[in-house]
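Values quoted throughout were computed directly from the atomic coordinates according to the rules given, and no laboratory measurement underlies them. Computed from a predicted structure; not experimentally measured. Heads up, the Cβs are rebuilt from the backbone with ideal geometry, glycines too, and the neighbour counts pull from every protein chain shown.
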């Protein structure tokens, strides 16, 4: 198991990225399952948690690599969040929302803080 452990974080990140990409695709197709509506503010919770988890998993997958003092994963997932939310302007099925973008970025920063505060030796 030890010799395969270096592939664990990249694999988990890749699978979660695939899941998030599927969610984004379904949202552009207006095919998000209706049962999610029973959860108040599920959209906002989703932005916070999904982008936070994307950051954390990539951060671990690239071994917490930083450029100067800024984690590379923070830059990459932050840009991904900005681009994905901005593309919604051009979609008839999606709506650009600054609060969505804020919560995506807040999730990234929060998960970074959790990692830095509690999970890093």
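Nearest 10 degrees, 0 to 90: what angle lies between the long axis of helix 8-28 and the longest principal axis of the chain (Cα atoms)?
10 degrees
Compute the semi-axes of the equivalent ellipsoid of segment 33-77, taking the square root of 5 times each eigenvalue of the Cα gyration tensor, and list them largest first in whole Å.
Working through the eigenvalues yields semi-axes of 30, 9, 6 Å.
Evaluate the distance, in nm, between pseudo-label points positioned 7 Å from the Cα of residue 63 and of residue 98 along their respective Cα→Cβ axes.
Roughly 4.1 nm, to one decimal.
Based on other C-beta atoms within 10 Å, arrange 113, 9 from fewest to most.
Starting with the residue having the fewest Cβ neighbours, the order is 113, 9.
Just need the Rg to Rh number for segment 2-119, please, alpha carbons only, Kirkwood Rh.
The Rg/Rh ratio comes out at 1.00.
Once R0 is set to 41 Å, what does the formula 1/(1 + (r/R0)^6) return for the Cβ-Cβ distance between residue 87 and residue 5, expressed as a FRET efficiency to the nearest 0.05?
0.70
If R₀ is 30 angstrom, what is the calculated FRET efficiency for the pair residue 30 and residue 79, using the beta carbon separation as r and rounding to 0.05?
The formula returns an efficiency of 0.70 here.
What percent does the relative contact order of the chain come to when contacts are Cα pairs within less than 8 Å and at least six residues apart?
32 percent
Quick check: residue separation of residue 15 and residue 114 times 0.36 nm, minus the Cα distance between them. What number comes out in nm?
So the chain would gain 33.5 nm between residue 15 and residue 114.
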